[in-house]
Amino acid sequence: MAGTKTNEAPGTRAVLRHHRMSAYKARQVLDLIRGQDVDRAEEILRSTPREAARVVAKVLGSAVSNARNNDLLDPEELYVSACFADEGTTLKRWRPRARGRATRIRKRTCHITVIVSRLPDDRLERRRAHEADRSAALRSRRVAASRRAEEAVPAGASSAEVPGVPEETQEATDQLAEGGEEEETTEDPEAAEAGEVAVHDAGAGDHVQSTEESD
């Protein structure tokens, strides 16, 4: 029994007909995105320096919009299940040559079709697990960087003087340092008065002693 034909593949499709481009040029770009996630396919098309990449990107965006609006599918769960280019009408033109002869010019056209479908469940699970691991690794690197920055700041010095420390870490470290200085300089009013009296008595004693020595 024959399998499913390419043009009968299930999914949401978008078709561009009679585009003034040869099917050969369009197929070279379509081969790059076949089987890729929609995000990855868009990234590939943006970085491909071909005119066909711009056209295929528009067809892919139309297919994703059809899947979102007509079939109520999440665009982040889609991938390019099938894409192909068929030959369209060929326009015949003539070019004059030497000795009264003429040469035929063929202006090719093509029909570009892009089909998107929802990713399988196992592939979605692997993708979500990969994204979770990547976010956890990024978070751990940020925490480690902030800790190294805090350790690099010497005691009693402003973090702005230490190179390589992020601005957020510098501000947080400066706030902590200012708070610690305020707590150290805070004193009890009664203790302060007692200290002033003790200093005054000590000064008076020194004055009396110096007077006796002068006598």
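The values are calculated or read from the model by the stated rules, or taken from the named source; none is laboratory data. Because the structure is predicted, anything quoted here is derived from the model rather than measured. Neighbour counts run over all protein chains shown; Cβ positions are idealised from the backbone, glycine included.
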Exercise. Return a yes/no flag: does segment 23-35 have any residue that is of a type in the set (S, T, N, Q), buried (at least 16 other Cβ atoms within 10 Å of the Cβ) and either farther than 13 Å from ILE115 by Cβ or in the same structural domain as ILE105 (by TED's automatic domain parsing) (or both).
Key: no
Quiz prompt | Only listed residue being among the small types (Gly, Ala, Ser) and more than 26 Å from ARG126 (Cβ to Cβ), chosen from ALA67, ALA82, ALA9, ALA14 | solution = ALA14
Quiz item: If ARG104 satisfies every condition in (1) touching a residue at least 12 places away in the same chain (Cβ under 8 Å); (2) closer than 22 Å to LEU16 by Cα; (3) exposed (fewer than 10 other Cβ atoms within 10 Å of the Cβ) but one, which is the exception?
Solution: (2)
Quiz item: Looking at segment 16-60, which of the residues that are among the small types (Gly, Ala, Ser) and touching a residue at least 40 places away in the same chain (Cβ under 8 Å) is farthest from ALA85 (Cα to Cα)?
Solution: GLY35
Practice problem: Please indicate, with yes or no, whether at least one residue in segment 135-147 is of a type in the set (D, E, K, R), out of contact with any Phe, Trp or Tyr (no Cβ under 8 Å at 6 or more places or on another chain) and under 30 Å from ASP31 (Cβ atoms). | Solution: no
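Does segment 103-156 hold any residues that are acidic (Asp, Glu) and in contact with a strand residue (DSSP E or B) (Cβ under 6 Å, 6 or more places away or on another chain), and which are they?
Of segment 103-156, the ones acidic (Asp, Glu) are 121-122, 125, 131, 133, 150-151.
Hits for segment 103-156: nothing passes.
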